[in-house]
Amino acid sequence: MLLWHFVLESLGYFIAFRLYLHERKTAGDFLRPETRWTLVAAAMVGAAIGSKLFYWIEDPARTIHQWNNLSYLMAGKTIIGALLGGVFAVEAGKARLRIRRRTGDLFAIPLAAGIAIGRLGCFLAGTLDGTYGVATSLPWGVDLGGGERRHP
């Protein structure tokens, strides 16, 4: 089951990148290629840092307790942290490059598609890798094998 998460998350990255390239080719891009790739790199680094920081902040007591456990520190990530970290890094990069225009239009559809595919992997992984969602009593809650209904 754990394989589903890896496969679909990887597929999400791949499809999102291909959609981005298609959007850029179809719609054009007002930025020079080196400037665009600088912002893409900033988004990737910001997303990686943000996803990890939010995972650690999510349960500060556990993080403090596990601070010397490398497998814990490397294990988790959050999509909200990734989005916020990516946006922050891109905006910081744009400020440094003195870019005033919106630069995210090419990423909207690819990002949504990549997230949707990756979240399917979280859903199919069940409770094995900790990406299963929070407990709920609402009707759309799903028991993923832990005996508790969760938001998918």
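The values are calculated or read from the model by the stated rules, or taken from the named source; none is laboratory data. Here the structure is a predicted model, which is why all the values come from computation and not from measurement. We place every Cβ from the backbone using ideal geometry, glycine too, and count neighbours over all the protein chains shown.
A few comments on the model shown:
- Within region 100-138, the residues that satisfy the criterion of being β-branched (Val, Ile, Thr) and either at pLDDT below 90 or loosely packed, with under 12 Cβ neighbours inside 10 Å (or both) are 127, 131, 134, 136.
- Counted residues, region 3-53 - those being within 23 Å of residue 70 (Cα to Cα) and exposed (fewer than 13 other Cβ atoms within 10 Å of the Cβ): 2
- Restricting 26, 35 to residues that are free of Cβ contacts under 8 Å to residues at least 40 places away in the same chain and farther than 26 Å from residue 145 by Cα narrows the list to 26.
- Within region 3-31, being more than 10 Å from residue 114 (Cβ to Cβ), small (Gly, Ala, Ser) and part of a helix (DSSP H, G or I) holds for 10, 27.
- Residue within region 32-52 that is part of a loop (DSSP other than H, G, I, E, B) and of a type outside the set (A, V, I, L, M, F, W, C) present: yes
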